Amino acid sequence: MSSRVHACEHTVGVAAPAGVVYGMLADAARWPVFLPSVVHVERLDFDGVQERLRMWELADETGADNPDNPDNPGSPGNADADADADADAGGVGGVLGGRVGSWYARRVLHPDVRAVVFEQEDAVWPGSVTSGVWSVRPAGETECVLGLRQERGLAVAAADGAGARREAEADVHRRLAQVRRAAGRWEQWDELLLSFEDRVRIEGPAELVYDFLYRIGDWPGRVPHVERTGVCEDVPGIQVVSLDTCAAPGGRTVSTRAVRLCFPHAGRIVYKETLTPELVAAHSGEWSLLPDASGVTVVAAHQVMLRQEAVAPVLGAGTGLLEARDHVRAWLSRASTETLGLAKWHAESTVRRLR
């Protein structure tokens, strides 16, 4: 079957300085907290200008990415919409699960002209290549024009060739809308974004600690604040998890969903919440194990973006973002340290029994 390249290019106005938007595009490691569909970005190589990345992204299977869906903010008919629905539905752009795809990307950064040239190859189907360029053009001190040109190979004889072209077009619109919305809040980033980590030292083997963290389906019987879990792992190492927890202040039950990428040989579990609590617009994190001669240090890292419009309804009128930051950090830190404490008990008590 022969193929041909379908190219599409669109632009959108963004209420942010060109330098801010370019910086956001160049810093791909932070995309999970900015862009709803991105689960994780791993930098494999970087020389200051060229970089090689591995990316994992969610593909919604509910119709949110369907260009024929009139409610899809990424469809051509809604390309210039504010995309509030795209970013708010379900907490992260309406992406409530679906399949997880990954690809390798090579990027060349051009800060002088505010452009990022990329070529990405599907990790499952080598040879399936998408290339293109992000561009940012100033349109005033606090505004710019964001452009995305994307070229994708399409099978000429495929029965759904027209549908594939529409999908490619919708993909460009969707990505522009996601960047536009995230960058539009640039003046509040210092208040909305927070990163922190908790560490626990464990006198036990890293394998037992990793096993505890990996078996999240067993947490309801082990971790007091976890009431229920549902785990689907159709692809080894990729877990789609739903949780009911009572770690929030007041002990009320909070339901979340997340995708977890498990790297046992590296001692890491990376996750991205796809359904978040009211106060949280985005939450990604990582459990990482740092072994040494006598045990292991476990780090629970968090990256969070607050949902500003939920602060007053949830925490009360007059509550500021500073108080909301303290509230969310204490809540998440309490949950992660409790989990780490139980992982410590599991590993150390197992070692004592074996001795």
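No lab work stands behind these numbers, since they all come straight from the coordinates. Bear in mind that the values here come from a model prediction, so they are computed numbers and not experimental data. Cβ atoms come from the backbone with ideal geometry, glycine included; neighbour counts cover every protein chain shown.
Give me the extension gain from GLU141 to GLU207: residue separation times 0.36 nm, minus the current Cα-Cα distance, reported in nm with one decimal.
18.5 nm is the gain from fully extending GLU141 to GLU207.
Are there any GluC sites (Glu not before Pro) in region 194-276 that are in a DSSP loop and have at most 14 other Cβ atoms within 10 Å? List them by number.
When the GluC sites (Glu not before Pro) of region 194-276 are filtered for loop state and at most 14 Cβ neighbours within 10 Å, GLU203 remain.
With the calculation restricted to Cα positions, what are the radius of gyration and Dmax of region 217-305 in angstrom?
When restricted to the Cα atoms of region 217-305, Rg and Dmax are 14.0, 43 Å.
Pull out a ≥ b ≥ c, the square roots of the eigenvalues of the alpha-carbon gyration tensor of region 135-237, then state rounded if a/c is under 1.5, prolate if not and a/b is larger than b/c, and oblate in the remaining case.
Oblate shape, in that a/c is at least 1.5 and b/c is the bigger or equal ratio.
Quick one: which residues, 5+ away or cross-chain, put their amide H under 5 Å from the amide H of THR319? H built at 1.01 Å from N.
Amide H neighbours of THR319: none.
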